[in-house]
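The values are calculated or read from the model by the stated rules, or taken from the named source; none is laboratory data. It should be emphasised that the depicted structure is a prediction, and the values quoted were computed from it without experimental measurement. Neighbour counts run over all protein chains shown; Cβ positions are idealised from the backbone, glycine included. SASA here: full protein model, heavy atoms, side chains in, ligands and nucleic acids out. Shrake-Rupley method; radii C 1.70, N 1.55, O 1.52, S 1.80 Å.
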Amino acid sequence: MTDDRSNAGNAGMSPEAWEEWFADKHITTEDRAAYADADDTWPEYSLGSNSRPREGVPAGSITVRQHTSSVAYPGIERDYRVYVPAQYDGSEPASLIVFLDGLEYLAGDFRANVVLDNLIAEGQIPLTLAVFIEAGKTGPGYPIFGGADNRSIEFDSIDDTWTRFLIEELLPDAVGELNVSTKPRDHVIVGFSSGGNASFTAAWHRPDFFGNVITHCGSFVDIRGGHNHAPQVRRNPRKPIRMWLQSGRRDARVVFGDLAIANQDMAAALEYRYYDHQFVFGEGGHTLRHGGSVFPRTIRWIWRDHQSTTGTY
């Protein structure tokens, strides 16, 4: 896209950027209007001090890399970025957080790397590596909407292909030479919209790897099966997954479903099975603004009982 963001169709985009996102898709007038209505500008969802660079806090490094899948999605290329905190020296295992649609989480509505810089420096979260992953560059697009990337195939499907790709292909390339904790409670996966669905899918299939999930406006709707997650949660024994999910009253209502209702249904299913979870429902739309404003609190909550940060939340 023109602002060098990912193909997630995130909030705060200009009319020109929205038109670029719509350009290769077959989206009805009604659904275009629904996405526009969900593009919020609520001032209360602004970033706080933990999301701004601070004098004296060292910034972690971010390295841009490329990956071509050979097994799960043969020949599909993507970009990803690896964040290494300034304090990392390899002497102890670091925690790991994976962001899907990584550029969205590095952009101005979120600034995940800045939050990590600040909270690591203050000892409020453990020493943490991060991988910011983009969707595959080429593919069939979305059902009904169309498009030309692989995001929907990867993020909206609910089988274990995406999970295997992450654990067996991409992450070994990204952090295989770094000292990363093997404990699932030290691993977090984060996603927005369809990326939220993919994040939960990954943990659902491999809770022995991803013990924590954060979703923002997760697309738990009928795109490629995400509407089945809530019933699956209700009908199966509780898995060792801790989850923070966020949505808002003005989340997207499109042909695939009502995301505000879908997130409420997901939260109710987690409550039914007594999952360790937190559901934050606000007034916002289908954006990262609300999620970005509370991300420092989110990640402290996720790791509130981590051995290196006990008592900080």
Legend entry - Sulfur and carbon atoms: percent of accessible area, region 237-308 [1.4 Å]: 46 percent
Legend entry - Neighbour-limited loop hits for chymotrypsin sites (Phe, Trp or Tyr not before Pro), region 63-168 (at most 14 other Cβ within 10 Å; DSSP other than H, G, I, E, B): none
Legend entry - Rounded to 5, percent antiparallel among DSSP beta bridges of the chain: 35 percent
Legend entry - Estimated vicinal HN-Hα couplings, Hz - region 62-72 in sequence order (Karplus 6.51, -1.76, 1.60; Gly, Pro = x): 10, 10, 8, 9, 10, 9, 10, 6, 10, 10, 5
Inset, instruction - Please work out the average accessible area per residue across region 171-313, using the 1.4 Å probe convention, and give it in Å². - result: 37 Å²
Inset, instruction - Give the dimensionless ratio obtained when the Cα radius of gyration of region 209-313 is divided by 2.2 N^0.38 Å. - result: 1.09
Legend entry - Taking all pairs of distinct alpha-carbon atoms in region 126-174, Kirkwood radius in angstrom: 12.2 Å
Legend entry - Estimated FRET transfer efficiency (Arg273, Asn179; beta-carbon r; R0 35 Å; 0.05): 0.55
Legend entry - Along the chain, longest interval not containing exposed GluC sites (Glu not before Pro), exposed being DSSP loop plus at most 11 other Cβ atoms within 10 Å: 178-313
Legend entry - Computed [θ] at 222 nm, helices only, for the chain once each DSSP H run of length n ≥ 4 contributes -39500 (n - 2.57): -8000 deg cm²/dmol
Legend entry - Sites matching trypsin sites (Lys or Arg not before Pro) across region 236-269 that sit in DSSP coil, with at most 15 neighbouring C-beta atoms within 10 Å: Arg238
Legend entry - Label zone at Phe281 (point 7 Å along Cα-to-Cβ), backbone N below 14 Å, region 208-235: 217-218
Inset, instruction - Enumerate by residue number the chymotrypsin sites (Phe, Trp or Tyr not before Pro) in region 194-295 meeting two conditions: DSSP loop (anything except H, G, I, E, B), and at most 14 other Cβ atoms within 10 Å of the site's Cβ. - result: Tyr274
Inset, instruction - Please work out the Cα center distance from region 62-76 to region 142-195, rounded to the nearest Å. - result: 11 Å
